Amino acid sequence: MSNITFTMIKPDAVKAGHIGGILDKICAAGFRIKAMKMTKLSMETAGKFYEVHSARPFYGELCEFMSSGHIVAAILEKDNAIADFRTLIGATNPAEAAEGTIRKMYATSIGENAVHGSDSDDNAIIEGNFFFSGLEKF
Ligand code: ATP
Ligand code: MG
């Protein structure tokens, strides 16, 4: 069972003023923040982060969007972190996300869907290390 996941509050949600609302849901769901920062991706760093999707038709659009404004990156800790966090954020497409999930509440489209959540234990470690040095994790 994993106990670490990685998240980003994406540019759409930051621009719309939802950092506080989203962090409140995350903390209320029992996640502990191990690392957190606000930063901005370039086209190049967004491309690297989402490299796994480089063959998908929406890759260019995804990188444009993810580099279009500030993001909040965080490493979160909780028992069963990967699965529980994906339940908390809801389906990729907010139209299909369950009531009360972060994407249902704050996302506007499948492309601009408010938050990222890691999909595996290995990727949570890789993604956390992409943004944070050892000195920034607590
Ligand atoms: P994330 O990895 O951001 O947590 P996810 O795991 O739910 O999202 P993925 O399949 O990994 O979904 O897709 C990564 C991101 O690419 C999505 O969150 C979304 O922003 C974008 N995306 C996925 N599918 C589409 C699509 N059909 N059209 C436009 N953008 C898409
Ligand atoms: Mg994903």
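The values are calculated or read from the model by the stated rules, or taken from the named source; none is laboratory data. Computed from a predicted model, the values in this text were never measured in an experiment. No Cβ is skipped: glycine too gets one built from the backbone with ideal geometry, and neighbour counts run over all protein chains shown. Accessible surface is based on the protein model in full, side chains and every heavy atom, while ligands, DNA and RNA are left aside. Shrake-Rupley method; radii C 1.70, N 1.55, O 1.52, S 1.80 Å.
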May I ask you to say which residue of LYS37, LYS48 is within 20 Å of GLY21 (Cα to Cα), away from ligand 2 (no atom under 14 Å from the Cβ) and either at pLDDT 95 or above or loosely packed, with under 14 Cβ neighbours inside 10 Å (or both)? LYS37
Could you figure out which of (1) touching a Lys or Arg at 6+ places or on another chain (Cβ under 9 Å); (2) of a type outside the set (D, E, K, R); (3) more than 13 Å from ligand 2 (Cβ to nearest atom); (4) open to solvent by 40 Å² or more (accessible area, probe 1.4 Å) isn't true of LEU76? (4)
Restricting attention to region 33-64, and to residues there that are within 12 Å of ligand 1 (Cβ to nearest atom) and assigned to a loop (DSSP other than H, G, I, E, B), which single residue is nearest to GLY128 (Cα to Cα)? TYR50
Of the residues in region 98-120, those that are within 15 Å of ligand 2 (Cβ to nearest atom), outside any strand (DSSP E or B), in contact with a strand residue (DSSP E or B) (Cβ under 8 Å, 6 or more places away or on another chain) and not polar (S, T, N, Q) number 4
Could you tell me which residue of region 81-138 is nearest to the chain's Cα centre (by Cα), considering only residues that are open to solvent by less than 20 Å² (accessible area, probe 1.4 Å) and among the aromatic types (Phe, Trp, Tyr)? PHE85
